[in-house]
Each structure stands twice: as structure tokens, then as C-alpha cells.
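Input: a single structure, listed below in C-alpha cells.
The values are calculated or read from the model by the stated rules, or taken from the named source; none is laboratory data. As the structure is a computational prediction, the values presented were derived from the model and not from experiment. We place every Cβ from the backbone using ideal geometry, glycine too, and count neighbours over all the protein chains shown.
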Amino acid sequence: MTTKPTEKRSRFEPEPMPRRDFLGLAALASMAAAFFVSMFGMLKLPKAAVSASPAKKFSVALPDALPVGEAFVPPGRSVAVFRDGEGVFAISTVCTHLGCIVKPNANGFECPCHGSGFSKDGSVTKGPAPKPLPWLKVSKGGSGFVIDEEATVKTGTKV
Amino acid sequence: MGEANRSALNEFWVNLKSVPSQIYRAMFRGGAPVSDRTRSSFVFGNVFLHLHSVRTHLWSLRWSATMGLGIITTAAFLITLVTGVLLMFYYKPYPDVAYQSIKDIHFIVPTGRFMRNIHRWAANVMVVAVLLHMARAFYTASYRKPREFNWFIGWGLLVTTLALSFTGYLLPWDQLAYWAITIGANIAQSPREITDAMGITQFFDIGALQREVLLGSDKVGEESLIRFYLLHVMILPIVMAMLMAVHFWRIRKDGGLAKPVDVDARVKADAQEHYPVFTEEPKKTYQLAAVVKGRTPAVGSGPENTVPSMPHLFYAELGVLMFTTLICLVLAFVSDAPLKELANPLVPENPAKAPWYFLGLQEIVSFSAFMGGIGIPMLCWIGLGLIPFLDKETEGTGEWFGGPGGAKLVGWSMIYGFATSIAVEAFAIRFGWLREWFPDIPQLVITLVNPGTVITVLYAGFSIWALKRFNSTRAGALALFTCFLCGFIVLTVIGTYFRGPNWEFFWSPSDWSAH
Amino acid sequence: MKKNKYLLLISSLGVLALLVAAAISENFLKEWHAIQGQARTQEGPIDVKLRQIVNPDLRESGPLRDLPRRNGTRGTGPFGS
């Protein structure tokens, strides 16, 4: 940091900042870079790599006497399983609005949180829900049927 | 030798006897605070007191200047800090165990129930006080130069206060807490409503990312509880303390409270009671031995009409501190903090309600998750933060409802703000909204046109009218701020008292149908 | 300043009064004190323990998790019998 000795100095600015201080700028810039990269690393930590929730795939044994149109809710799961003449299908009971658990009723489903209503096939009939309830993938196996809560299928797919 | 020994022993004895008085004298660097002069040196020499200026203007000491709202907020924070640390002795942040420990605190721990009640009420008092404090700063136009940055810090403090309160809401791990947080976390996911409508969710799912980082899992569980606990007892209080330090420091550095230009003509110190200490206005102040240039707020105006902060300001502060404590204790004494049954992730509460200060948002969320949860709040947030940079007028600084339009405009804005929000809500409750009339309507239309956005547009229109009518940005700001405040109150009241099971409208909770 | 002094005085007295009231209700008025007072056997009062199940007939008293294992009874309430 050199200043021309001929320059007149003010009492308030005894040592003006040199215009080009490559060393100082490089040092500060690398510190800023190190800071931001470390921030990025630290922010990586809170985002879990593996979700700690229980397995999303589970098998379910349907009661033999399940009437057509009546929902069977496997204990501990937010899924409604139905059986009719064409086969078995599962509809998620997690409301597409804000994630409350919808309740099966005579006309379909209703959400207790914000009053969304869904018909028997999960399509929205009422309220703020932006999307129909997804149909979940059902396959034969296990103790009857295996339902995968992560895989959705087209509405109307029955096994 | 014997004589020297005796005198040293004697001296030791004399010193030992005077230890208490010596400690007392050593505590005060400038001598004991008994005169105005030594009190002043005590204030600026004391680590806890030096955030105060040594002298306080009489204008700032009037009750109507601030109504003590800043100190009330601080006092409520201190109360939550003390009671919160006490609760941590017994609280265990693990699902089910957490619920049991709150139950223990409620039923078994000595004074536990009282402490928990105080903690909860002080938190609510703090939320209310911080909102009113913001309104005070706005209506007295105290955000103007040189206080723009402090308004900004206060804006951060508002967010931190709400976040602290919200994270504390989950900790009891009862049904109330669990479902309030589920709804809150899903609001964080609501940008999906937009990405879904645009069909880009699979490439850019910002909503799910926000939710996942907040909860640490795909639903509210043990990871979420420990995260909320960490935020509540560690991260947010540290952020809060740092912001508060800057906030207080800037009040002092920006020249105390905002005052009208002609303040000295309005307030006159009683010559009998307060002897003027300065006979001349100082022409400059020196900082860091004159190396640093710049003016402090006292340059060019004598510090007359000020009184020593000790004791005048300190009596006011202590009075407000104890008053806040009294309010919190009264509330804690008459009303117990709720504790419902253990959280059950499979059975939602009906109705499931967020904390009260978010019920206004939940009311608009019940039409569109994105607009109610993200869109409109963000708009308000950004608008609030930018106020000092958009209104650069000078008329009415430091006065209640100062500026063009004044109290009359605020009155009209209140009427308009209440009337429009009540009218739009009444319409939506009575006749339903778009989906009831057109079942196949695209979601994007509902996201753009819903009661929340309609109210916002009506308010913005009124604000523009006021801005043109008075030819002043301050008038526009007064109108807009008042309207949003009224809208917030209306929506919060509807969400709190008039929404029952399935978020249906009820005139009174006693009409709620049993579910 | 006088106004502020009165505010401080009245608020502090109010806080003191409430603290005393809270202390009284905490120490004398809690309903479990009365229930505890009834829980006596011939040998005297039964000890208070965390999450307690008391069975006066068996003169058993202990934490909830221990009791059923010890004597095969299942507690149903504070005085499960």
C-alpha cells in the first residue's frame, strides 16, 4: 500500500485506499468464497438424505366380507382400499390441499380441515383442494395385496 | 520488625473491614450515582445501561409517544426466556415422551403449570405487542431517515417472533400441536400449487424441498420435533438476541425516538425542576478523537428539553416491565395453557386450527393454499420492508397519523378496510366460490381469483386513490397499512370464532355439529 | 416521572399479590392434595411417586410401569383396584 508522497493528505483521510489492491481483494474474495462454500456445506446437513419414515410399501389382507363401495383402512396407514366387481383399488386419504387425513363417507371423502370434498373416485367436488386424491399402485402378493404409497396409478386402475 | 509486622496486620484488618464498601465503590467507575453528573457517568460506564443515551427528551417520555410497546415486547421476551429455561429442566423432545413430560410439568412439577401458563401467555403478549409496536412506528412515521435500517431490523424481529411462537407450538406433542404444525408445514409446500399448474413440479419442486428441510422427514415425526425444538430453544433465540442488540443500538445512534422538527417549541422543560446543563448548542461532536467524520444527531441542536435518563427513563422502563409481568401473570392465573390428547397422526383434529395469529392466513388458505400461505403474506412482507424506501416525505414525522390525510384518512381507511373484507368474506361464505359454480375450473384460476386476492386488489385500489387524492406516497401508505391491518383482524376473528368442523361457518362454537 | 413511579409501584404490588395467590393455590388448593390426604392405610399415608398407581387393598404404591409386573394387577386410574 503505497501512496505518492507528494499528495496532500487530509487530517480525515490520512491514508487513502489504493484504487487497485490486488492482494487485498484476492484475500477478501477467497475468504468470501470459503465462507459461502462452507455455508453451502452446512446447509446440506439439515436436508436428510434418507427419509426416516417407515416403509411405504405394505401388504394388506382384505376382509372377505368387504361390501362394494365400503372403504377398508389398513391400521396405521392413510389409504382407503376398495373392492368391487372389477377388482381391488386403493385411494390415498391424504388431502391434496394441506395434508389432513380425509374421512370416507357415503358420497366419497371429506376433509375435516378446510372442507374439501371428494367423490368416490377421488375427484374434487368441493373446497380448496387443487388436485384429486391419487390412486395408489396395488399388486397381488404378500398376505393378499401389496400397496405402494409412493407409486400412483391412473384413476380407474383396478387389480 | 515487630512494629512493622503489627502495622501490616493492622492494615490488613482495616482493609478486611472495609471490603464491602470497597467493592461498592469499585462497582461505580465514576463514583456512586447520587448526582445528575455521577448518574450520567454511571449510565454510559455500565455495560447494561450504556445502550441508553444519558439524557432523554421530554417528548419521548410522554406515555402517548410509544405507549411503551417496545419495552412491553422486550419484557415479554425476557419473561419467555426465564420461564422457557425453567421448562427445559423437565421437557424431553421425543414424540410421546414429550407429551408425558408436558403432562408432568402440568400436574406434578412444583409451579410447573404456572410457569408453563406464564410462558404461553408471555409469548402471546409478545406477538400482540410486536404487531402494535410496528403499527406505532408506522403511524408516527418513525421509519424515515435516518431510521430506515432500524425499521428493517424490526421487520426481521417480527418474523423471528412469529417463528419462535410457531416452533413452540409443536413441542407439547398433543393433537392441537400436531395438526397445527402439519397444516403449517403443508403451507410451506404450497408453491407446488403453482409448479403443478405450470407442469414443472418434477423438475423443480421448491415446495417439497421447503417442507422437507423444515420437517426433516415426509411427515411430522421425531425428526420434526427435534428440529422445532432446536429452532425454538437455540437458533431463533440467538437470532432474536442479535437482532435486538442491533435494534436497540440503532435507536440510540439514530437519535432516540423520531420527533417532530419543532419539538422543542412543543415541550418545555420545567425550569424549576430541570436545570439546563448546556448553555450553548454544540457545533460538532467528536468521535474516535476526531479521526472519523460525521454528525451525531445532537449536532446543531442543544440537548435542552432533555432530562437525565437515570432516573426519568429508568422509572418508565421498570414500570412498563412490571406492568407486562403483571399482565402475563394475571392471564396465566386465570387461564391454563391447553393440553389435548396425545398426538395421533391418523386422526386429524376437527377443526384443525393453526396458532391464532395464522388463522387469518388459514382463512385465505381455505380458498387457495398458495395465495393464502405464500403469495399474499410475501406481498405484505415485502411491502412492509420497503415502506421506508418508498415514502421519503418529511411531513408529520414523529406525530401520530402524521402526514397528508392524517387521522381522518386513517379513519376512512379503517371503515373501508373492515367493510370490504367483511363483504367479500360474507359473499364467499353465503354463495361459495368458483369451484362450487364451475366444478371443472382450472386450479390456476382459483389460485389467481379467490377472496384473498380480491380483498388485496380492493385494498391496493383504495391506496392508489388515496395516493392520488392527497398527492402523497405517505397517504397511500397510511391507507394501505390501515386496510391490511383491518383485513388481518377480520380474517383472524372469522378464522378463530366463526369456523368450525370441516372449516364450515358457524355463528358460535356451541353450534358445532358433533363429529 | 410521578406517573411512571405509580405504574411501577402498582404493577409490582399486583405481581406480588398474584405470586402469593399462586403460591397458596399451588400448595394448598390443588385437588390432588385432598385425594392424597384420603390415601391412607393403617400404617399411615402413602408416598407420592411419579405416574403413580395406588392400590390401598394390596398396600401397593409405585410407578405405573413397575406395578403390574410386580403383582399382576393392572392400574386403571389413580386408585385402580
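Tabulated data for the structure shown
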quantity	calculated
Tally of residues being at positive phi, more than 14 Å from chain B (Cβ to nearest Cβ) and outside any strand (DSSP E or B) across region A:123-149	1
Check on A:Thr155, in contact with a strand residue (DSSP E or B) (Cβ under 6 Å, 6 or more places away or on another chain), hydroxyl-bearing (Ser, Thr, Tyr) and outside any strand (DSSP E or B)	yes
Hits in region B:424-471 (condition: at pLDDT 85 or above, among the small types (Gly, Ala, Ser) and either in contact with a Lys or Arg (Cβ under 6 Å, 6 or more places away or on another chain) or farther than 30 Å from B:Gly402 by Cβ (or both))	B:Ala426, B:Ala428, B:Gly452
A:Leu133, sole failed condition from (1) surrounded by 22 or more Cβ atoms within 10 Å (Cβ to Cβ); (2) without any contact (Cβ under 8 Å) to a residue 40 or more places away in the chain; (3) over 17 Å from A:Val68 (Cβ atoms)	(2)
Single match in B:Pro303, B:Pro308 (criterion: at pLDDT below 80 and in contact with a His (Cβ under 9 Å, 6 or more places away or on another chain))	B:Pro303
Residues being more than 14 Å from chain B (Cβ to nearest Cβ) and surrounded by 14 or more Cβ atoms within 10 Å (Cβ to Cβ) - total across region A:30-48	0
Residue within region A:103-114 that is at the interface with another protein chain (Cβ under 9 Å from one of its Cβ atoms) and either of a type in the set (A, V, I, L, M) or at positive phi (or both) present	no
Residues satisfying the stated conditions in region B:87-118, i.e. away from every other protein chain (no Cβ under 14 Å) and either in a helix (DSSP H, G or I) or crowded, with 18+ Cβ neighbours inside 10 Å (or both)	B:Leu87, B:Tyr91, B:Pro93, B:Ala98
Residues of region B:342-370 satisfying the condition of being in a helix (DSSP H, G or I) and at the interface with another protein chain (Cβ under 10 Å from one of its Cβ atoms)	B:Gln362, B:Glu363, B:Ile364, B:Val365, B:Ala369, B:Phe370
Matching residues in region B:416-430 - criterion: being out of contact with any Pro (no Cβ under 8 Å at 6 or more places or on another chain) and within 14 Å of chain A (Cβ to nearest Cβ)	B:Ile429
Answer residue from region A:82-100, given it is part of a strand (DSSP E or B) and crowded, with 23+ Cβ neighbours inside 10 Å and is nearest to the chain's Cα centre (by Cα) among those	A:Ile91
Complete set of residues in region B:439-477 that are within 14 Å of chain A (Cβ to nearest Cβ) and part of a helix (DSSP H, G or I)	B:Gln443, B:Leu444, B:Val445, B:Ile446, B:Thr447, B:Leu448, B:Pro451, B:Gly452, B:Thr453
Among residues of region A:101-123, those that are surrounded by fewer than 24 Cβ atoms within 10 Å (Cβ to Cβ) and touching a helix residue (DSSP H, G or I) at 6+ places or on another chain (Cβ under 7 Å), counted	3
One residue from B:Ala369, B:Ala343 being assigned by TED's automatic domain parsing to the domain that holds B:Ser101, surrounded by 23 or more Cβ atoms within 10 Å (Cβ to Cβ) and among the small types (Gly, Ala, Ser)	B:Ala343
Residues of region B:493-508 that turn out to be touching a residue at least 40 places away in the same chain (Cβ under 8 Å) and either over 21 Å from the mean Cα position of the chain (by Cα) or within 13 Å of B:Ser366 (Cα to Cα) (or both), as a count	8
Tabulated pairs, region B:84-97, first closer than 18 Å to B:Asp174 by Cα, second charged (D, E, K, R), C-beta under 7 angstrom, 6+ apart or interchain	B:Leu87/B:Arg116; B:Tyr90/B:Asp104; B:Tyr94/B:Glu222; B:Pro95/B:Glu222
Candidates A:Ser51, A:Ser59, filtered to the one that is within 14 Å of chain B (Cβ to nearest Cβ) and small (Gly, Ala, Ser)	A:Ser51
Enumeration of residues in region A:115-159 that are in contact with a Phe, Trp or Tyr (Cβ under 9 Å, 6 or more places away or on another chain), over 13 Å from A:Lys57 (Cα atoms) and among the small types (Gly, Ala, Ser)	A:Gly115, A:Ser116, A:Gly117, A:Ser119, A:Gly122, A:Gly127, A:Ala129, A:Gly156
Residues satisfying the stated conditions in region B:206-244, i.e. more than 14 Å from chain A (Cβ to nearest Cβ) and touching a residue at least 24 places away in the same chain (Cβ under 8 Å)	B:His232, B:Val233, B:Leu236, B:Pro237, B:Val239, B:Met240, B:Leu243, B:Met244
The one condition in (1) more than 18 Å from B:Glu436 (Cα to Cα); (2) more than 22 Å from the chain's Cα centre (by Cα) that A:Gly76 fails to fulfil	(2)
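Residue-wise test of (1) touching a Leu at 6+ places or on another chain (Cβ under 7 Å); (2) of a type in the set (A, V, I, L, M).
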position	(1), (2)
B:Ile105	yes, yes
B:Met126	no, yes
B:Ser165	no, no
B:Ala185	yes, yes
B:Gln189	no, no
B:Ile200	no, yes
